[in-house]
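Here the structure comes first, spelled out in structure tokens, and everything after it is commentary.
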Amino acid sequence: MARAPFFAKENTLRSLLPIIAIAAIVLFFVMVAAGPGTRTGNAWNYLTNGPAPINNGNSAHAEGSSIVGGPSLSAAKVDQILCSANSPACGTGNAFTLDSAEYNIDDAFALAVMKHESNYGTAGVARQTLSLGNLRCIPDAACVGGFAAFSSWQQGYSAFYKLISGPLYVGAGLTTPEQILAKYAPVADNNDPSGYAADVEASMRDWRAA
């Protein structure tokens, strides 16, 4: 009779084994699924001082190709670039790169746009609007002189990544700098989209080479 409790516990453990096994399998697939498109899993790797993975080594971030695929620069690299330029956004590399991972848009592209539009937030209306890409007025943001204005650089980052990843650009099949910037900064608005794209790609290439 004294051994009965032991056998009862052993039987209970055996009955739980299938449930534990199923839970372990589910957890495994959740971890595999978590990647650059979320703020979990591999996204946190982009906060390190080392280089961010370039979409697992494939050609998604090759020059002139799709900007879809998450960060190609680490948060530390983004901060190095911003701080070296005396940008008011210095220190926001973590948010910059995590948004890149969340929206699955290369942070090198976004940073190159920021450089071209406002010299990293040091020139023009971006000093007041805190807008990465000098976005025109949009819902859920203040409007200053025809431009969307944000209360923080982080909000400006999210708005830009959301726009580029949404139905107007990537969602419409526009995935290269040339395709995106032809619509983002059209000739009809007295822009030079080809020159813009060349400048953006040159910056992206230089940062990756470094």
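Under 5 Å between amide hydrogens, built in the peptide plane, is the criterion, and for Ala148 it picks out Leu135, Arg136, Cys137, Ile138 among residues at least 5 positions away or on other chains.
For a footprinting-style exposure proxy, rank Arg208, Arg136 by other Cβ within 10 Å, fewest first.
If I rank by nearby Cβ atoms, fewest first, I get Arg136, Arg208.
Which of the peptides 93-103, 168-178, 196-206 is most tightly packed, and how do the rest follow, judged by the mean count of other Cβ atoms within 10 Å per residue? All intermediate terms of the calculation are to be shown ahead of the outcome.
Details: 93-103: 24.2, 168-178: 16.3, 196-206: 17.9.
Top of the packing list down: 93-103, 196-206, 168-178.
Please report, in debye to the nearest 20, how large the charge dipole of the stretch 41-209 is about its Cα centre when each Lys and Arg carries +1 at its beta carbon and each Asp and Glu carries -1 there.
So the dipole magnitude of the stretch 41-209 works out to roughly 180 debye.
Quick note: the coordinates plus some simple rules give every number you see, no bench work behind them. Note that the coordinates shown come from a computational prediction; the quantities given were computed from them, not determined experimentally. Every residue, glycine among them, receives a Cβ derived from its backbone with ideal geometry; neighbour counts consider all protein chains shown.
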